[in-house]
Each structure stands twice: as C-alpha cells, then as structure tokens.
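Please treat every number below as a calculation from the coordinates, not as lab data. From a predicted model like this one, the values you see are computed outputs, not experimental measurements. Reconstructed Cβ throughout: ideal geometry from the backbone, glycine too, with neighbour counts over all protein chains shown.
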Amino acid sequence: MSIFEIIMLICFGLAWPVSILKSWTSKTNNGKSLFFLIIVLMGYISGILHKIYFLCDGVIVLYIINFTMVFIDILLYIRNMSYDKNSLT
C-alpha cells in the first residue's frame, strides 16, 4: 500500500462528486467529454485489476468508489444527451 497512491485516489475522488453534481443540475453535456470519461474509467478498471491480481490491499476500495462515481457521471452524460438533443429542436 502506497501513501502516494492513496493521496492520488482521494484527490481524484474529491473531484468526481463536483462533476456529478454539475452533470445532474445543468442537464447538459457542455464542457464534458465522453471519451475522457471512458479513458478515466478504463484507468480505474486497470487499477482494480492490478489490485485483484497482484497486490490486493485496502486501496482497492478507493478504486471502486472512484470507478462508481465516473460510471455515474457517464450515465448522466447519456441522460443529458437527450436533454441536449431536445434543446436543439
């Protein structure tokens, strides 16, 4: 377990609730990138798999929490696509 890995995951983890709140309240994808969200999600999946296969420790919980928040933001992105589509018509 690395203290630096923990700090990194906590810092990233603090940013996701803000992003989720913005997605939820704004009901638009302006300033969001689905490609970016998917890249970040893949990074968390890689971290989880590393923990499962090579070094299973408590840090996996932080990876799972962050993964969940990014996944929620992706779901909100998909929801907001319909709002954006309807606002153009």
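Among (1) surrounded by 17 or more Cβ atoms within 10 Å (Cβ to Cβ); (2) more than 11 Å from the chain's Cα centre (by Cα); (3) of a type in the set (D, E), which single condition is D73 missing?
Condition not satisfied by D73: (2).
Mind listing whichever residues of segment 37-89 are among the polar types (S, T, N, Q) and in contact with a Leu (Cβ under 7 Å, 6 or more places away or on another chain)? Steps first, please.
Quick first cut of segment 37-89, residues among the polar types (S, T, N, Q) only: 46, 66, 68, 80, 82, 86-87, 89.
Once the filter is applied, which keeps residues that are among the polar types (S, T, N, Q) and in contact with a Leu (Cβ under 7 Å, 6 or more places away or on another chain), segment 37-89 yields only N66.
Residues being surrounded by 13 or more Cβ atoms within 10 Å (Cβ to Cβ), closer than 27 Å to S2 by Cβ and among the aliphatic types (A, V, I, L, M): count how many of those fall in segment 14-55.
Initial filter on segment 14-55 (surrounded by 13 or more Cβ atoms within 10 Å (Cβ to Cβ)): 16, 19-20, 22-24, 26-29, 32, 34, 37-38, 40-41, 43-45, 47-48, 50-51.
If we keep only those that are closer than 27 Å to S2 by Cβ as well, we get 16, 19-20, 37-38, 40-41, 43-45, 47-48, 50-51.
Right, trim to among the aliphatic types (A, V, I, L, M) and you get 20, 37-38, 40-41, 45, 48.
Here the count works out to 7.
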